[in-house]
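Everything on this sheet refers to the single structure shown next.
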Amino acid sequence: MQAFGQGLDVLLSDYTENSVVFTPNGPERRLDEIRVFLAAFLNSLPLGMMEAMQIIRQDIDGETAYFLWKAEPFAPLGADTFVVRNGKIMAHTFAAYMPS
């Protein structure tokens, strides 16, 4: 979560060629697909959303981490789940309610 605000290249360094990100539009696999997804997501964020982000809940159990967050008024609810092995994200689920 710390890398999220540090730019795309830093964020991608947490993933591997075997990583998968599950999105509302389906899974993105491998670094090239994950890069495209994350770049599009970061570029679509409204001005001020990153600064508004707050972690509501964080649970970690073994290799699995769950984050419930909000970035009001842009996203009243979002959730990410990560499966981390050897310091790298192997699986990541993402969902957020972002009213237009």
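The values are calculated or read from the model by the stated rules, or taken from the named source; none is laboratory data. For clarity, every value in this text was computed on a predicted model and none was experimentally measured. FYI the Cβ positions are ideal-geometry reconstructions off the backbone, even for glycines, and counts take in every protein chain you see.
Per-structure values
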read-out	value
Selection status of Thr81, at pLDDT below 95, surrounded by 12 or more Cβ atoms within 10 Å (Cβ to Cβ), polar (S, T, N, Q) and under 20 Å from Gly7 (Cα atoms)	no
Where a residue in the range 31-49 is within 19 Å of Pro99 (Cβ to Cβ) and its partner, wherever it lies, is among the aromatic types (Phe, Trp, Tyr), with Cβ under 7 Å and at least six apart	Pro46/Phe74; Met49/Phe74
Spans of strands (runs of 3 or more DSSP E) in the chain with at least 2 residues among the small types (Gly, Ala, Ser) and touching a strand residue (DSSP E or B) at 6+ places or on another chain (Cβ under 9 Å)	64-71, 75-85, 88-97
Count of the range 9-38 residues which are of a type in the set (A, V, I, L, M, F, W, C) and closer than 20 Å to Trp69 by Cα	5
